[in-house]
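Novice: Shown below is the structure under consideration.
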Amino acid sequence: MAKDRVKRPRRNTRKTSGRRSKTPLAPVNYILEQGTLIELKNAKKRTAAHLRYYWNYFSELAYQRGRIEDEIRQALNESCTRDFELKRWQRVVKYKYSLHPLSTVGSVIRIGGRFNMGKDVNPSLPNFPALYFAIDKDTALQETLGQVEVEGSDISPRELALISPKSETIVSVSGRLEHVLDIRTTTSLRKFTDLIKNFELSRSVINQARLLGQGVPEIVTTPSKLR
């Protein structure tokens, strides 16, 4: 294949008779990327092989979860905390949504990267709305802006995100939730992992992983490993 090159002129830095020469040297070529048609075809084959492996890996586990779906739901429900109280938690929305700060419409938009898009994970799971809160204002802003404040920098996270304070609304929310699954603790995950720890993968999937250099694929067996 043809090589991609970029030409950058390099000026002469030698001194002639005490003066810097203004005559440029010949352009210097820097190779950005090179390859052959065979290498491109092999790369596509490797990509396809990895996709097949991960799909098979996912499908086998999804099938086993589906067989005990009712037990999983019951285990998660039993692991929930009751009457969880929120005190002055924070939520940031764009100013144009100020009249509906607790709306969940945006969470079910397919392009958003949220895990509550159930059907994208498993056809038997319904999509469900999600409402995002943060325990303090700084965290809420961080999740919205997606920028880290750099110590000593004159540029604020809002400026990096090209957002003006006038275009955002921050609301304080207090209330009580009947059921909360707190995945920060291993205790709340124990019943779930007890159900899935004995799942098995076929010899075919294990061999696929080894051929691709992935090692032996793991099964989650403990709450700590799940976290």
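Novice: Sorting check: for 101-109, 183-191, which peptide has the highest mean count of neighbouring beta carbons within 10 Å, and how do the rest follow?
Specialist: In decreasing order of mean packing, 101-109, 183-191 become 183-191, 101-109.
Novice: Where in the range 168-191 does the amide nitrogen come within less than 20 Å of the point 7 Å from the Cα of residue 137, taken along Cα to Cβ?
Specialist: Label zone hits: 168-175.
Novice: Given points 7 Å out from each Cα along the Cα-Cβ axis, report the residue 26 to residue 67 separation in nanometres with one decimal.
Specialist: Once both label points are built, they end up 7.0 nm from each other.
Novice: Run the quick spin-label model on residue 172 and residue 81: label points 7 Å from Cα toward the beta carbon, then report their separation in nm to one decimal.
Specialist: 2.1
Novice: Which entries of 45/225; 96/166; 137/225; 87/166; 137/166; 87/137 have Cα-Cα distances beyond 21 Å here?
Specialist: From the list (45/225; 96/166; 137/225; 87/166; 137/166; 87/137), the Cα-Cα distance tops 21 Å for 45/225; 137/225; 87/166.
Values quoted throughout were computed directly from the atomic coordinates according to the rules given, and no laboratory measurement underlies them. Just so it is clear, the model here is predicted, and its values are computed rather than measured. For neighbour counting, all protein chains shown are included, and Cβ atoms are generated from backbone atoms with ideal geometry for every residue, glycine included.
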